[in-house]
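*Asks:* Could you have a look at this structure, given as structure tokens, before my questions?
The values are calculated or read from the model by the stated rules, or taken from the named source; none is laboratory data. Just so you know, these numbers come straight off a predicted model, no measurement behind them. Cβ placement follows ideal geometry from the backbone for every residue including glycine, while neighbour counts extend to all protein chains displayed.
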């Protein structure tokens, strides 16, 4: 029996909890609970979509189906009694009101938990075959145990779930048995792969209601150089009981930690399409019906402009504001993609101007993009509301045919929170990126590791900012070689007059230092040192130094996002 819910709830926030256990999980806290009790509690919690995700088994969902099918058979044979008739009627009512999806919580190698969610149209045996392919032994398929021994690895789980048409979600990613939890000793490249793999649809986290730069959602917002893919982040209850345990509030009940999503229809396919998109305004933590309203634009403004996000108050031709928007879009396409807000300033304290006729403005902007950016670039635009004003949101993908240019010959790239014309070596890098090169290939950092070994560096450089690699004077002009610490790209023949903002700052600081760097004022701790720490807006930036086998390396304009490992200690940041 499949869900028969009428799926016509277009353009409405739907409340979902995609991590619910049943008594089919060996560690379920209330084994006497029935499947009808679970559906009833889901309705009481206001949920529109739930998924049964028992440990390494589909048994709970299968037993529910079998129970309903048995009642339907009794009804067809005219052998159903009154109590059974009432139970079947209640099942049918609840299944019309709640979309129930089959799934499992798989225990991968190293004990990491991966959720697989599937369409209610899928054959249950097919899901069991996926578990068998993931090395869950046949005799254990119905045990519901969270410990499975030697099973498949995380990336294989993502791939098999996705290839079967399912949705792969990293369960409680920032917590126990999560792929992004702190304190687990495995390689940085492994952690990057586990949280950036293209077959991974979303991260489930436990801190989605929290704000700040140290939250899991902020970390995976696409601003970290080694984590360039922005991730969909949701929350689920991981309920092993109907209601929160009064003696231990961490043992949540059904719907106590839910997510709301905006989808055109209430269906599995609509949920999957949302997680495949780069639209991050259509999901949010469960929001109370209080005076506070979830404002996605205001949340973005509080984050401020960064490498994947920018703001423009207007798009007038006068003053070059329209051209600045086009340049931003071009730079996002040449970099990692991004989101642009038009009609609002990036400072969250400033009054929102808004766009008076956003539909007409979007048509005009789309024409400008089509006429002025080449090759052809497809962006998504919609209207968002903030502070009772309408603004335009532009979703720019990471282009698959770089370099992109404005007016055929102006190639822009994104450099931290600003867009700038690309220099020759950056254009070469864009061309080399190729038609099908993925974000993970470009940003994997594997080459950075080899470079570090070759240069005698025992601690990796920061991951943001720029390094002044070398300088030389030719015919009275001083030329510098710069390394972009985000991607390792090296740009030669940079002069003080041709350098963009961060590079100009780095060059000015570099030339102010004594030629013998051993006499420079640097606060050293071992092989790492701090030249300067300064506050820019609400963020700190650092100029750093590092002793290597080749001498002293200098890194300028390093943001907190780029500080890692032992660097955090010397600049006074808490350990990550």
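*Asks:* Restricting attention to the range 499-522, report how many residues are surrounded by 14 or more Cβ atoms within 10 Å (Cβ to Cβ) and either closer than 16 Å to residue 558 by Cβ or out of contact with any helix residue (DSSP H, G or I) (no Cβ under 7 Å at 6 or more places or on another chain) (or both).
*Replies:* The number of residues fulfilling the criteria is 13.
This table checks each residue for (1) crowded, with 21+ Cβ neighbours inside 10 Å; (2) in contact with a strand residue (DSSP E or B) (Cβ under 7 Å, 6 or more places away or on another chain); (3) at pLDDT 95 or above.
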residue: 126; (1), (2), (3): no, no, yes
residue: 146; (1), (2), (3): no, yes, no
residue: 177; (1), (2), (3): no, yes, no
residue: 181; (1), (2), (3): no, no, no
residue: 189; (1), (2), (3): no, no, no
residue: 200; (1), (2), (3): yes, yes, yes
residue: 203; (1), (2), (3): yes, yes, yes
residue: 214; (1), (2), (3): no, no, no
residue: 222; (1), (2), (3): yes, no, no
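*Asks:* For the range 528-538, enumerate the residues that are under 17 Å from residue 502 (Cβ atoms) and free of Cβ contacts under 8 Å to residues at least 60 places away in the same chain.
*Replies:* 531, 532, 533, 534, 535, 536
*Asks:* Run residue 502 past the list (1) within 32 Å of the chain's Cα centre (by Cα); (2) at pLDDT 90 or above; (3) part of a helix (DSSP H, G or I) and report the number of the one that doesn't hold.
*Replies:* Tallying (1) within 32 Å of the chain's Cα centre (by Cα); (2) at pLDDT 90 or above; (3) part of a helix (DSSP H, G or I), residue 502 fails exactly one: (2).
*Asks:* To continue, here is another question. Contact list please: Cβ distance under 6 Å, first residue in the range 372-387 and in the same structural domain as residue 360 (by TED's automatic domain parsing), second residue part of a helix (DSSP H, G or I) and surrounded by 13 or more Cβ atoms within 10 Å (Cβ to Cβ), pairs at least six apart or on different chains.
*Replies:* 372/326; 373/330; 377/333; 381/362; 383/358; 384/297; 386/297; 386/298
*Asks:* Among the candidates 157, 150, single out the residue that is at pLDDT 95 or above, more than 17 Å from the chain's Cα centre (by Cα), farther than 19 Å from residue 277 by Cβ and assigned by TED's automatic domain parsing to the domain that holds residue 276.
*Replies:* One residue alone meets the criteria, 157.
*Asks:* Now a separate question. Please determine, by comparing only the residues of the range 255-277 that are in a loop (DSSP other than H, G, I, E, B) and surrounded by fewer than 17 Cβ atoms within 10 Å (Cβ to Cβ), which one is farthest from the chain's Cα centre (by Cα).
*Replies:* Filtering the range 255-277 for residues that are in a loop (DSSP other than H, G, I, E, B) and surrounded by fewer than 17 Cβ atoms within 10 Å (Cβ to Cβ), the one farthest from the chain's Cα centre (by Cα) comes out as 265.
*Asks:* Go through (1) closer than 26 Å to residue 347 by Cβ; (2) modelled with pLDDT under 90 and name the single condition residue 518 misses.
*Replies:* Against the list (1) closer than 26 Å to residue 347 by Cβ; (2) modelled with pLDDT under 90, residue 518 comes up short only on (1).
*Asks:* Sticking with this structure for a sec: Given (1) at pLDDT 85 or above; (2) more than 28 Å from the chain's Cα centre (by Cα), where does residue 461 come up short, assuming only one miss?
*Replies:* Among (1) at pLDDT 85 or above; (2) more than 28 Å from the chain's Cα centre (by Cα), the lone unmet condition for residue 461 is (2).
*Asks:* Being assigned to a strand (DSSP E or B) and surrounded by fewer than 16 Cβ atoms within 10 Å (Cβ to Cβ) is the requirement here; does residue 568 meet it?
*Replies:* No, not satisfied.
*Asks:* A follow-up question, please. May I ask you to say which residue of 162, 223 is without any contact (Cβ under 8 Å) to a residue 40 or more places away in the chain and either within 30 Å of residue 305 (Cα to Cα) or outside the structural domain of residue 417 (by TED's automatic domain parsing) (or both)?
*Replies:* From the options 162, 223, the qualifying one is 162.
*Asks:* For the structure I just gave you, tell me whether residue 111 is out of contact with any helix residue (DSSP H, G or I) (no Cβ under 8 Å at 6 or more places or on another chain) and modelled with pLDDT under 95.
*Replies:* yes
*Asks:* What are the pairs, 6+ residues apart or on separate chains, where a residue within the range 247-273 that is at positive phi and at pLDDT 95 or above has its Cβ under 9 Å from a residue that is in a loop (DSSP other than H, G, I, E, B) and surrounded by fewer than 17 Cβ atoms within 10 Å (Cβ to Cβ)?
*Replies:* 255/46
*Asks:* Another question about this same structure. Only one of these is closer than 29 Å to residue 420 by Cβ and either under 25 Å from the mean Cα position of the chain (by Cα) or in a loop (DSSP other than H, G, I, E, B) (or both): 294, 280. Name it.
*Replies:* Among 294, 280, only 280 is closer than 29 Å to residue 420 by Cβ and either under 25 Å from the mean Cα position of the chain (by Cα) or in a loop (DSSP other than H, G, I, E, B) (or both).
*Asks:* Check residue 252 against each of (1) within 23 Å of residue 307 (Cβ to Cβ); (2) part of a loop (DSSP other than H, G, I, E, B) and name the one condition it does not meet.
*Replies:* Here residue 252 meets the rest and fails (1).
*Asks:* Could you figure out which of (1) in a loop (DSSP other than H, G, I, E, B); (2) free of Cβ contacts under 8 Å to residues at least 40 places away in the same chain isn't true of residue 508?
*Replies:* Failed condition: (1).
*Asks:* What residue, among those in the range 326-364 that are in contact with a helix residue (DSSP H, G or I) (Cβ under 7 Å, 6 or more places away or on another chain) and part of a helix (DSSP H, G or I), is surrounded by the fewest Cβ atoms within 10 Å (Cβ to Cβ)?
*Replies:* Ranking the candidates gives 326 first.
*Asks:* Related question: From the set of residues in the range 23-55 that are free of Cβ contacts under 8 Å to residues at least 40 places away in the same chain and assigned to a loop (DSSP other than H, G, I, E, B), which is surrounded by the most Cβ atoms within 10 Å (Cβ to Cβ)?
*Replies:* Here the residue is 23.
*Asks:* Tell me which residues, restricted to the range 65-80, are free of Cβ contacts under 8 Å to residues at least 40 places away in the same chain, in contact with a helix residue (DSSP H, G or I) (Cβ under 7 Å, 6 or more places away or on another chain) and in a helix (DSSP H, G or I).
*Replies:* Answer for the range 65-80, where residues must be free of Cβ contacts under 8 Å to residues at least 40 places away in the same chain, in contact with a helix residue (DSSP H, G or I) (Cβ under 7 Å, 6 or more places away or on another chain) and in a helix (DSSP H, G or I): 67, 71, 74, 75.
*Asks:* While we're looking at this one, here's another question. Mind checking which residues of the range 564-576 are over 16 Å from residue 526 (Cβ atoms) and touching a residue at least 12 places away in the same chain (Cβ under 8 Å)?
*Replies:* Within the range 564-576, 573, 576 meet the criteria.
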